[in-house]
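Peer 1: Submitted below is the structure of interest, expressed as structure tokens.
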Amino acid sequence: MIMKSSELRQSFLEYFAGQQHQVVDSSSLIPGNDPTLLFTNAGMVQFKDVFLGQEQRPYTRATTSQRCVRAGGKHNDLENVGYTARHHTFFEMLGNFSFGDYFKEEAIGYAWEFLTGILKLPKEKLLVTVYAEDDEAYDLWANKIGIPADRIIRIGDNKGARYASDNFWQMGDTGPCGPCTEVFYDHGEHIWGGPPGSPEEDGDRFIEIWNVVFMQFNRSADGSMAPLPKPSVDTGMGLERIAAILQGVHSNYEIDLFQNLIQAAAKAVGTDDLSAQSLRVIADHIRSCSFMITDGIVPSNEGRGYVLRRIIRRAIRHGHKLGQKEAFFNQLIGALCLEMGEAYPELVKLKGRIQSILLKEEEQFAKTLEQGMRILDEAIGSMEDGAKTIAGDVVFKLYDTYGFPADLTNDVARERGLEIDESGFELAMEKQRKRARSASQFTMDMSNVIDASETEFTGYSNLVDDCIIESILVNG
Ligand code: ATP
Ligand code: MG
Ligand code: MG
Ligand code: MG
């Protein structure tokens, strides 16, 4: 069955509405109730206080299609974009939630019915994982649903693989926690990768589509866990991943929505090679950037705004790599509105604003991109044979003088099989901070003698990096 992403979203919400779930709108990418979080990165974020019992709602079951960004903080998939078939910086998470209402049996039953009954996915291509100690979930899959034992995988504390989770979820160091069960889809043996828990699980053959969390315990500060009086359920399924399966393609970037964005990107950049990895990155980035602006984030040098600026600059650099030296990124907003404007009318409403913000960023960065790339190429060219690491002071100079965030330089390095000296960069940053601090000390000391406008130190504007982002995560 070929189903468009928009039909899939609708079908999911309708199915759960039919199971007495309240359909709730996606919340903003800026978490309203959680200053420790940079972006909304899962469907449960807007319900956190409900799960904690600190907020009451007139319903105990909800379903959403939640816009999510994973480009900073705990969940950061920025480095995966362009490299895996299944990661985006922006994606939509379909979810169903039980607030002390149903638990494992119904949650597993709904997931299975939706996948195999409504979407008609072939059962033999589905695998599930359960938490190693969760016999209850194992038993439900094996005996109630009837999945053969060789396709139910118990996952314990598996920290080996890059994306592996240990199948035990927790909201924080204390508070609600519990085992997960996940559904995976086997895209076929012609694609590299192994089943979850195996050494090859980072490949794209077996793709996680649905993650179901059972909030079963409450963890105290001493580490002990007590059963929650009313256990809850939180689930998340990537819309783009399930769309890929339904459309018979093996990468999220091949679904209808992305193909159209990639074509628009190719046109704006001026290339015919639709398979270019950079086009995927650009198509991914126009979504995260546009939705971040829609939700009120503007490019800046700190916090969320700096993540936005970094993503915009990465997109521009990828266009530049394909030969486009003029502003192009802002033009993609039209194609995005065609794809997503119906589901997100606010995107269309703010189209002009998004475009002008992106254009301004493009114009600003264009001035230094060309020069910065030259410096970087020279630095790489003059590296000794066999050397793999770009020196920290080069990374710092690019950052400080040419506006290349370190992750952008790292992106270029990775394309060429190199890496950056992160600790050398951090050291250079630290020195810069010290200089800035002593300059600001000077400003303060002299402020009563000299006109402040003469002593104003303007070097701070570039002086922002992940440390500040992390401090937002911790401090709000
Ligand atoms: P993965 O292991 O593939 O990185 P995850 O375990 O980090 O996924 P969850 O946090 O469990 O993902 O999120 C729930 C669901 O959201 C996933 O099962 C997947 O379908 C989808 N998802 C997660 N991250 C992304 C992403 N970066 N892009 C697109 N879909 C995603
Ligand atoms: Mg992940
Ligand atoms: Mg996972
Ligand atoms: Mg998961």
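The values are calculated or read from the model by the stated rules, or taken from the named source; none is laboratory data. What you see is a predicted model, and the numbers here were worked out from it, not measured in a lab. Because the Cβ atoms are built from the backbone with ideal geometry, glycine has one as well, and the counts that use them run over all protein chains shown. SASA here: full protein model, heavy atoms, side chains in, ligands and nucleic acids out. Shrake-Rupley method; radii C 1.70, N 1.55, O 1.52, S 1.80 Å.
Peer 1: If you build the convex hull over the alpha carbons only and average its shadow over all orientations, what do you get for the range 220-288? Give it in nm² to one decimal.
Peer 2: Mean projected area for the range 220-288: 8.1 nm², to one decimal.
Peer 1: Could you work out the relative contact order of the range 48-160? I mean the mean sequence separation of Cα pairs under 8 Å and 6+ apart, divided by the number of residues, in percent.
Peer 2: Result for the range 48-160 is 20 percent.
Peer 1: What number do you get for the range 357-419 when its Cα radius of gyration is normalised by 2.2 N^0.38 Å, N = residues?
Peer 2: Ratio of Rg to 2.2 N^0.38 Å for the range 357-419: 1.15.
Peer 1: Also, quick follow-up: Taking the solvent-accessible surface of protein heavy atoms with a 1.4 Å probe, what is the per residue accessible area of the chain in Å²?
Peer 2: Normalised by residue count, the accessible surface of the chain is 44 Å².
Peer 1: To make sure I understand the rule: partners must be lysines, Cα under 24 Å from the Cα of K397, and not fewer than 8 residues away in the same chain. Which ones qualify?
Peer 2: Reachable lysines: K321, K325, K360, K367, K388, K431, K434.
Peer 1: Then there is this: I'd like the trypsin sites (Lys or Arg not before Pro) in the range 32-102 restricted to DSSP loop residues with at most 16 other Cβ atoms within 10 Å, sorted by number.
Peer 2: Of the trypsin sites (Lys or Arg not before Pro), the ones in loops of the range 32-102 whose Cβ has at most 16 other Cβ atoms within 10 Å are K74.
Peer 1: Same structure again: Skipping prolines and chain starts, which residues have an amide H placed within reach, meaning under 5 Å, of the one on I153, given they are 5 or more residues away or on another chain?
Peer 2: Under 5 Å from the amide H of I153: V128, T129, V130.
Peer 1: I would also like to ask the following. Counting only protein chains, not ligands or nucleic acids, how are H250, H88 ordered by accessible area (probe 1.4 Å), most first?
Peer 2: Ranked from most to least accessible, the order is H250, H88.
Peer 1: With a cut-off of 8 Å between alpha carbons and a minimum separation of six or more residues, what is the relative contact order of the chain in percent?
Peer 2: 13
Peer 1: Contact order normalised by length for the range 95-215, with contacts defined as Cα pairs under 8 Å and 6 or more residues apart; what percent is it?
Peer 2: In percent, rounded to a whole number, it is 23.
Peer 1: Enter the Cα centre distance for the pair the range 244-301 and the range 306-333, rounded to the nearest angstrom.
Peer 2: Result: 12 Å between the Cα centres.
Peer 1: Follow-up. Taking N as the number of residues in the range 1-128, what value does Rg over Cα atoms divided by 2.2 N^0.38 Å take?
Peer 2: Ratio of Rg to 2.2 N^0.38 Å for the range 1-128: 1.13.
Peer 1: Any idea what the dipole of the range 1-66 comes to, in debye rounded to 20, about its Cα centre with Lys/Arg Cβ at +1 and Asp/Glu Cβ at -1?
Peer 2: 120
Peer 1: For the chain, return all DSSP H helices satisfying: extent of Cα atoms along own axis at least 24 Å; mean Kyte-Doolittle hydropathy at least 0.0.
Peer 2: Passing helices, by number: 277-294.
Peer 1: Filter the trypsin sites (Lys or Arg not before Pro) in the range 286-346 to those in DSSP coil with at most 12 other Cβ atoms within 10 Å of their Cβ, and list the result.
Peer 2: Those that pass, being in a loop and sparsely packed, are K325.
Peer 1: Can you list, bin by bin at 5 Å, the percent of alpha carbon pairs in the range 285-413, starting at 0?
Peer 2: Spelled out bin by bin, the range 285-413 gives 2, 10, 21, 20, 17, 12, 8, 5, 3, 1, 0 percent.
Peer 1: Also, quick follow-up: Give me, ordered by chain and number, the residues 5 or more places off W169 or on other chains with an amide H under 5 Å from its own placed amide H.
Peer 2: Counting only residues 5 or more places away or on other chains, the set is G178, C180.
Peer 1: Which value in deg cm²/dmol, rounded to the nearest 500, describes the helix-derived mean residue ellipticity at 222 nm for the chain, given -39,500 (n - 2.57) per DSSP H run of n ≥ 4 and division by the residue count?
Peer 2: Rounded to the nearest 500, the figure is -13000 deg cm²/dmol.
Peer 1: Follow-up. In the range 102-202, which GluC sites (Glu not before Pro) fall in coil by DSSP and have 14 or fewer other Cβ atoms within 10 Å?
Peer 2: E133, E189, E200
Peer 1: Of I262, P199, M171, which is farthest along the charge dipole of the chain in the positive direction, counting Lys and Arg as +1 and Asp and Glu as -1 at C-beta?
Peer 2: Value computed over the given set: I262.
Peer 1: Counting only protein heavy atoms and a 1.4 Å probe, tell me what percentage of the chain's accessible area is made up of carbon and sulfur.
Peer 2: Result for the chain: 49 percent of the exposed heavy-atom area is carbon or sulfur.
Peer 1: Which value results when the Cα radius of gyration for the chain is divided by 2.2 N^0.38 Å?
Peer 2: 1.04
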